[in-house]
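What follows is a single structure, written as structure tokens, with notes after it.
The values are calculated or read from the model by the stated rules, or taken from the named source; none is laboratory data. Fair warning: this is a prediction, and the values are worked out from it, not measured in the lab. Cβ atoms come from the backbone with ideal geometry, glycine included; neighbour counts cover every protein chain shown. Ligands, DNA and RNA are stripped out before the accessible areas are found, and what is left, the full protein with its side chains, is counted by its heavy atoms. Shrake-Rupley method; radii C 1.70, N 1.55, O 1.52, S 1.80 Å.
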Amino acid sequence: MTEITRILRKQTGNFLEDFRPGQVFRHKGGKTVTEGLFSTFTEFAMTANPLAKNARYARAYGFEGLLVPPGLAMLIAFSQTVEDVSENARTNREYVDMRFGAPVYVGDTIEVETKVLNITPHRKVPNLGIVHVQSTARKNIGARDEAVVMTWQRKVDVFKRDPDADLHSGEAAPDEVDCELWLPRYDPSADYKGMAHLSSPDSYFEDFEPGTRIEHSRGRTMTSEHIHLTAVLDNTSQVHCNQFMIDQDPKRYVGGQLIIFGGIPFTLCLGLSSPDVGDNALGDICYPTGRHTAPLFAGDTVFAATEIRAVRDYPGRPDLGVLEAVLYGHKFTRAEGEPAAGDAPAGWKKVQIFELERHLAMKRRSHYA
Amino acid sequence: MTEITRILRKQTGNFLEDFRPGQVFRHKGGKTVTEGLFSTFTEFAMTANPLAKNARYARAYGFEGLLVPPGLAMLIAFSQTVEDVSENARTNREYVDMRFGAPVYVGDTIEVETKVLNITPHRKVPNLGIVHVQSTARKNIGARDEAVVMTWQRKVDVFKRDPDADLHSGEAAPDEVDCELWLPRYDPSADYKGMAHLSSPDSYFEDFEPGTRIEHSRGRTMTSEHIHLTAVLDNTSQVHCNQFMIDQDPKRYVGGQLIIFGGIPFTLCLGLSSPDVGDNALGDICYPTGRHTAPLFAGDTVFAATEIRAVRDYPGRPDLGVLEAVLYGHKFTRAEGEPAAGDAPAGWKKVQIFELERHLAMKRRSHYA
Amino acid sequence: MTEITRILRKQTGNFLEDFRPGQVFRHKGGKTVTEGLFSTFTEFAMTANPLAKNARYARAYGFEGLLVPPGLAMLIAFSQTVEDVSENARTNREYVDMRFGAPVYVGDTIEVETKVLNITPHRKVPNLGIVHVQSTARKNIGARDEAVVMTWQRKVDVFKRDPDADLHSGEAAPDEVDCELWLPRYDPSADYKGMAHLSSPDSYFEDFEPGTRIEHSRGRTMTSEHIHLTAVLDNTSQVHCNQFMIDQDPKRYVGGQLIIFGGIPFTLCLGLSSPDVGDNALGDICYPTGRHTAPLFAGDTVFAATEIRAVRDYPGRPDLGVLEAVLYGHKFTRAEGEPAAGDAPAGWKKVQIFELERHLAMKRRSHYA
């Protein structure tokens, strides 16, 4: 037997001092959307939009087939960036200017690039700093062509490997990325009305009024399924799946237990809001900002609410309107002995876990129902 | 920021007083069968019939590809009706006259309609009543055509919203639905015998004798996976997935915990019986009646048994016979200190959870092996 | 109602005295690889090789599409043999001479045959003995043709039904099975370098040095998901999914709880090693030997390591080299009060669970990057 003379343990991911402004990561792997992945996530999140449920409907609307909903497109694209950008992160701080472009279908292969914009030290925690990056996901079209599927910036709290290391200074400008939501054209001869019973009757553009807060009716309890869901996305961060690592030093980790990958509540909140808000959207245009405000753990039940901020015409598309809203996620934690607060039942505290500014391209009832 | 001036919480589903005899629901969504959904459920249930396992075999028998087994067809079709019919139900009382028609394949899109037949108040519980409905599931064929996949009636215990509300009286007759099991023709030139090793050697029509009870050998423990399985089916009922709701008022809910969606044991019992009863069926013809007799929870282990009631010729098909049977599901619960009863081991009580009358189209050994 | 006059409980699987040298099982079922199954297992195991992730990459390399990784091919093929060979086994002893042939793609149907080589009584346990078998998996190609996908031998500890039964003696020789790893040809005009960023930069043939032990960085905690995963593979062994059976007589079963099917850590260890060892493999050639050395249970976290034993040229393929390695799996168990040992942290004991000799066909950096 060969004698072992060398032990190797490769570093995975980058630490704070490794990032340089202007640096570009062409991420490994890439990911082809299979019907397995599509089913696992689209349906997990209770997405109600028939574009992602009913291929007959999606094709009649001018899509090539079942449409990958924005939450799943985001999960796939985001996860490709984890190893290079956030495998050694404490937490994801903020999503900025997330925009959607070409539609994603089963069979498409997504590949992602990330550009580092800047690195800033944390003001209070010496071994931590903020990395600001811009990522862009493309899908291949045929053998040679490609299209931008989505682009976004994010800010993430990354650990230093060496607390005394210097950080790379400077600032790179984000690239101008041509990424505008692709929409099927309105076809006056199509029988949209004959399919109108397949989506909610009361979630057309005309139904939304700024100043309304919609408390979505349904909740969903998360289980240890999150470990499998996260692995299936190629998200390699150990804080989601390595219980032994947590057990070594629980105090170092948020909540002292496996934390659920933020992409899961991101997608789940979109899904929970779907019957009331997303059912008659042709697509999500952009998410100007978003952030996780509290961690989520197995056993928690997730709820969502949407606040309507503004409604406006969709330029060049009289059949559509733009809905500007904010999506919130929350859960309840036990608060024995504390006085009831807000709309939480006695003995419970309502904890916001997520918020996301969201612009949607909404169908007008006048044209579709 | 826009000031919030209105809080909206939409009602989901109908309450007892909302139903009117003759009322027709064209259910939302529809559902395209992906390979993900197919794999999750066909294989979850341990279905042994090679028609649902082996595409080479299915095609050689005259099907277009892997055949969606009846349990999965039922899960998909039934779940489409939950929001309108049973989101506010306490329990599903009875399945009646469930019949199968066109075969379902991966890629097919299922859409469902339900007609309300009558509403009767509960004799003992004032805020509860029985809604009797007839549902029919169709799949699209090409852009314009469609075929009936299955039709069934069910009776369901639905809550009143207002205990003092009057119920709509009257009675609508069920529609005559043309729904007869599609079967591939018998091809004397096909090499059925060359594939006979792929199914059980002892489950042909000739092997069944009325008066036999087959205790199926295998059991399957359910886990919290049921939450994911139910969501994946678009079943929106909160009693299966909202632990926070249960925690508010455990006494209101059966067992004080999340209850497993009845479609899960329905499908699982079919699967557990599959090696002994379903392996050489070309299809399930109908389920004249069926009911859940006890709830199922995560942690329970499900077993199944089949009683053979009658065997008869299949009109016009000398290669087939009709098997009439009853499928039973059961579990064991702890019964410390009670005397042993029936075939339960000491300290346990056998609890029947499900029963289903079942007619199958069985291959004859004389023609296929 | 028909009176029940006969109770039937069919035997599933064979017992030790049922096996005869030279006996051939053509296993039931067969299994078509769906995108659902592909997604569940390829991604579950964190397989990093882009051949199994990125269809664009796989096609550019000369494969027909996403390649089923060896761990999943093994899981599917192996599971087909469980009912006949090991449903009544206590444990799987050893894998021998496992070799891979034709590539497996989504849509392929796998069917498996097993030949019994010999049966030997257990030296110490009277109701147990070792069955030595050879299994071969084939996939159909078009309507008539087929190709060998993999072949392997295994030794398994099987229970006797009757402790006094005689065993069949004698010895059958293994069949000569033509099973050599299919590899796409090297195409000097292909733009391999343009795709090199999609796999690890430091796992080419040139990077491996005999005498190195690579401790793979990531761990993965297993949950009760294993019950679902095992069912989805058609593995019918009750020790993985029947908690009630365990509860009747916990002492009879390893660890007194549901044990995770060995194919799961087999595949998971391959996946955990993938970023460091498998990312630039064109395929796994063979696994000369392998064995499970300790059981795995829900809640355990799995880690993996690889020892590099030898490197050599790949005959006739200057673009490739052969890497000979041993893959190890381990977990940590609580060991309160015991002195720290090896590289386990205080309070924990490192337990090896799996080992597998492994020969891989590795790309040379000189030709591909």
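Out of all the residues in segment B:213-227, is one or more open to solvent by 20 Å² or more (accessible area, probe 1.4 Å), out of contact with any helix residue (DSSP H, G or I) (no Cβ under 7 Å at 6 or more places or on another chain) and closer than 23 Å to B:Val82 by Cα? Within segment B:213-227, one or more residues are open to solvent by 20 Å² or more (accessible area, probe 1.4 Å), out of contact with any helix residue (DSSP H, G or I) (no Cβ under 7 Å at 6 or more places or on another chain) and closer than 23 Å to B:Val82 by Cα. The single condition from (1) within 28 Å of B:Ala190 (Cα to Cα); (2) touching a helix residue (DSSP H, G or I) at 6+ places or on another chain (Cβ under 8 Å); (3) not aliphatic (A, V, I, L, M) that B:Gly299 fails is (1). Anything in segment A:228-267 that is among the aromatic types (Phe, Trp, Tyr), more than 9 Å from chain C (Cβ to nearest Cβ) and open to solvent by 20 Å² or more (accessible area, probe 1.4 Å)? List them, or say none. Across segment A:228-267, the qualifying residue is only A:Tyr253. Taking segment C:209-227 as the range and being hydrophobic (A, V, I, L, M, F, W, C) and within 14 Å of chain B (Cβ to nearest Cβ) as the test, the residues that pass are C:Met222, C:Ile227. Of the residues that make up segment C:139-150, is at least one away from every other protein chain (no Cβ under 14 Å) and among the small types (Gly, Ala, Ser)? No, every residue in segment C:139-150 fails to be away from every other protein chain (no Cβ under 14 Å) and among the small types (Gly, Ala, Ser). Here B:Ile130 qualifies as in contact with an Asp or Glu (Cβ under 7 Å, 6 or more places away or on another chain) and within 23 Å of B:His240 (Cβ to Cβ). Condition check for A:Asn118 on (1) closer than 17 Å to A:Lys155 by Cβ; (2) more than 15 Å from the chain's Cα centre (by Cα); (3) outside any strand (DSSP E or B): one failure, at (3).
Please determine whether any residue of segment A:75-90 is within 14 Å of another protein chain (Cβ to nearest Cβ), open to solvent by 10 Å² or more (accessible area, probe 1.4 Å) and within 30 Å of B:Ile110 (Cβ to Cβ). Scanning segment A:75-90, I find no residue that is within 14 Å of another protein chain (Cβ to nearest Cβ), open to solvent by 10 Å² or more (accessible area, probe 1.4 Å) and within 30 Å of B:Ile110 (Cβ to Cβ), so the answer is no.
Exactly one residue out of A:Asp279, A:Asp234, A:Asp284, A:Asp247 is at positive phi and among the acidic types (Asp, Glu), and it is A:Asp234. A single member of A:Pro174, A:Pro126, A:Pro103 is open to solvent by less than 40 Å² (accessible area, probe 1.4 Å) and either out of contact with any helix residue (DSSP H, G or I) (no Cβ under 7 Å at 6 or more places or on another chain) or more than 30 Å from A:Lys53 (Cβ to Cβ) (or both), and it is A:Pro103. Do we find that A:Leu167 is farther than 30 Å from A:Thr301 by Cβ and surrounded by 16 or more Cβ atoms within 10 Å (Cβ to Cβ) in this structure? Answer is yes for this residue. The residue of segment B:106-123 that is farthest from B:Leu51 (Cα to Cα), among those that are of a type in the set (Val, Ile, Thr) and crowded, with 18+ Cβ neighbours inside 10 Å, is B:Ile119. Annotation for segment A:277-285: at least one member residue is closer than 26 Å to A:Asn235 by Cβ and open to solvent by 20 Å² or more (accessible area, probe 1.4 Å).
Taken over segment B:1-15, residues that are acidic (Asp, Glu) and more than 7 Å from chain A (Cβ to nearest Cβ) amount to 0.
If the condition is being touching a Gly at 6+ places or on another chain (Cβ under 8 Å) and either of a type in the set (A, V, I, L, M, F, W, C) or in a loop (DSSP other than H, G, I, E, B) (or both), then segment C:249-285 contributes C:Phe266, C:Leu268, C:Cys269, C:Leu270, C:Leu272.
The strands (runs of 3 or more DSSP E) found entirely in segment A:1-114 that carry 1 or more residues being of a type outside the set (Asp, Glu), farther than 27 Å from C:Ala369 by Cβ and at pLDDT 95 or above are A:89-100.
Restricted to segment C:188-208, and to residues there that are more than 20 Å from A:Glu113 (Cβ to Cβ) and either facing another protein chain (nearest Cβ under 7 Å) or polar (S, T, N, Q) (or both), the residue that is surrounded by the fewest Cβ atoms within 10 Å (Cβ to Cβ) is C:Ser189. Here A:Leu72 passes the criteria (1) of a type outside the set (Phe, Trp, Tyr); (2) in contact with a strand residue (DSSP E or B) (Cβ under 8 Å, 6 or more places away or on another chain); (3) more than 30 Å from A:Arg161 (Cβ to Cβ) except the one numbered (2).
When restricted to residues that are away from chain C (no Cβ under 14 Å) and at negative phi, segment A:16-55 contains 16. Among the residues of segment A:33-74, those identified as of a type in the set (S, T, N, Q) and open to solvent by 10 Å² or more (accessible area, probe 1.4 Å) are A:Thr40, A:Thr47, A:Asn49. Sub-6 Å Cβ pairs linking a first residue in segment C:284-300 that is farther than 13 Å from C:Asn92 by Cβ to a second residue that is assigned to a strand (DSSP E or B) and of a type in the set (Gly, Ala, Ser), at least 6 apart or interchain, are C:Ile285/C:Ala361, ordered by first then second residue. Among the conditions (1) of a type in the set (Val, Ile, Thr); (2) modelled with pLDDT of 95 or more; (3) in contact with a Phe, Trp or Tyr (Cβ under 9 Å, 6 or more places away or on another chain), B:Val158 misses just one, which is (2).
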